[in-house]
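S.K.: Can you read through this structure? Questions will come right after.
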């Protein structure tokens, strides 16, 4: 066995507690860390991302939102989330059917385009007479 070949350092993932070599095969790149790799292993990060995506997809398709998703939504700057049932009821009372200016309506509409008018001829558009006389 060669002793002059360096082996990469190992890191223990805090989620799965496996000790893995710190390489791009096992950890994602992270330019903010001193060694250039994330704390969690790539498998754990991928699992977390898949779960987060599935949770958001379930919430959007079912219309039922859990607390974690509502907390995430409430951190966005352009979203109003009621803080209590009373606030929700008050919003229903004050809503008189007029859409907010902050809400953009993307409902598809049929747009009728008028027929183009015939162009106006002024006389200078005629083709020049280039016949040999």
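S.K.: Quick check on residue 57: is it part of a helix (DSSP H, G or I) and either surrounded by 13 or more Cβ atoms within 10 Å (Cβ to Cβ) or outside the structural domain of residue 27 (by TED's automatic domain parsing) (or both)?
M.R.: no
S.K.: Would you check if residue 69 is in the same structural domain as residue 80 (by TED's automatic domain parsing) and in a helix (DSSP H, G or I)?
M.R.: Yes.
S.K.: Sort through 82, 8, 14, 21 and tell me the only one that's in contact with a strand residue (DSSP E or B) (Cβ under 7 Å, 6 or more places away or on another chain) and at pLDDT below 90.
M.R.: 8
S.K.: Kindly indicate the residue of segment 24-45 that is out of contact with any strand residue (DSSP E or B) (no Cβ under 8 Å at 6 or more places or on another chain) and in a loop (DSSP other than H, G, I, E, B) and also farthest from residue 6 (Cα to Cα) among those meeting that condition.
M.R.: Taking the candidates together, the pick is 32.
S.K.: Kindly indicate which of 39, 33, 52 is closer than 18 Å to residue 10 by Cα, without any contact (Cβ under 8 Å) to a residue 40 or more places away in the chain and surrounded by 12 or more Cβ atoms within 10 Å (Cβ to Cβ).
M.R.: Testing whether each residue is closer than 18 Å to residue 10 by Cα, without any contact (Cβ under 8 Å) to a residue 40 or more places away in the chain and surrounded by 12 or more Cβ atoms within 10 Å (Cβ to Cβ) leaves just 39.
S.K.: Sticking with this one: Out of (1) within 30 Å of residue 84 (Cα to Cα); (2) in contact with a strand residue (DSSP E or B) (Cβ under 6 Å, 6 or more places away or on another chain), the odd one out for residue 48 is which?
M.R.: (2)
S.K.: Given the criterion at pLDDT 80 or above and either under 18 Å from the mean Cα position of the chain (by Cα) or within 30 Å of residue 21 (Cα to Cα) (or both), identify the matching residue among 112, 48, 73.
M.R.: Within the list 112, 48, 73, the selection yields 48.
The values are calculated or read from the model by the stated rules, or taken from the named source; none is laboratory data. Just so it is clear, the model here is predicted, and its values are computed rather than measured. Cβ atoms come from the backbone with ideal geometry, glycine included; neighbour counts cover every protein chain shown.
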